[in-house]
Amino acid sequence: ALLGPSSLSAQSTTNQNPIPDAPARYDLAGPRVGFTTFTGDVAEMRRAVNKSAMMSQLGWQWETRLYADTGTVSGPQFLLESLILVGGVEQQEFNLSYAGIFGARSTNGSEIGMGANITFSNQTDEFTTSLILAGGVTNQVGRFYVPMNVAVAIAQGGPRLTFLTGWIVSRRRVH
């Protein structure tokens, strides 16, 4: 037999890699503000209907932070971020977008991430999607964290460049 009792017992004794403890996890949230600049065909289409190629962004971010060093809150972090933004309110628009980003942050606060975005525009009644590449830095100010991020959304009609800042605070520590 290919998987007889002797082969199963040999496998169990040779697997000496124990499952590590769960990493320290924190859930944070807070407001985000910034702007998006459109390029390419989308920028031209916006200008053709007297809209600016730049629009405001207002929203909320949820962040889950996983620390790589088991049981501590120092060292590199792995990030799961969700953002909901409303864009273009100063131009009588309501562009609702959701982004999900997976990333990493170093001990000095530098961060990179990649994810997906879906946007609904009330101007066109259409959904659009894009791939997001993001980077930036998050600085601690007391019990608050102040992120400053730049993201490039690669999409049909030309890439979009977004700058966001705001603050986030810990909602709870999950053990």
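Using a 1.4 Å probe, what is the accessible area per residue for region 27-106, in Å²?
47 Å²
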List every residue whose amide H lies under 5 Å from the amide H of residue 155, counting only residues 5 or more places away in sequence or on a different chain, with H placed 1.01 Å from N in the peptide plane. 160
Note, ³J(HN,Hα) from phi for region 157-168, Karplus 6.51, -1.76, 1.60, rounded to Hz, x at Gly and Pro: x, x, x, 10, 10, 10, 10, 9, 9, x, 8, 9
What does the net charge come to around residue 44 if you take all other residues with beta carbon closer than 15 Å to its beta carbon, with K and R at +1 and D and E at -1? +3
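At R0 = 35 Å, how high is the FRET efficiency between residue 169 and residue 125 if r is their beta carbon distance? Nearest 0.05 is fine.
0.45
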Residues whose modelled amide H sits under 5 Å from the amide H of residue 171, counting only those 5 or more places away in sequence or on another chain, are 27, 28, 29
So who's got an amide H within less than 5 Å of the one on residue 24, skipping anything under 5 residues away but keeping other chains? H placed 1.01 Å off N, in plane. 67, 71, 72
Evaluate E = 1/(1 + (r/R0)^6) for residue 52 and residue 86, where r is the Cβ-Cβ distance and R0 equals 25 Å; express this FRET efficiency to the nearest 0.05. 0.95
In region 137-168, whose amide N lies under 14 Å from the spot 7 Å out along Cα-to-Cβ of residue 108? List them in ranges. 137-139
Packing rank of 137-150, 90-103, where each peptide gets the mean count of other beta carbons within 10 Å, highest leading: 90-103, 137-150
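The values are calculated or read from the model by the stated rules, or taken from the named source; none is laboratory data. This one's a predicted model, so the numbers in the text were calculated from it and none came from an experiment. Glycine also receives a Cβ, built like all others from the backbone with ideal geometry; neighbour counts cover every protein chain displayed. Surface accessibility is based on the protein's heavy atoms, side chains included, excluding ligands, DNA and RNA. Shrake-Rupley method; radii C 1.70, N 1.55, O 1.52, S 1.80 Å.
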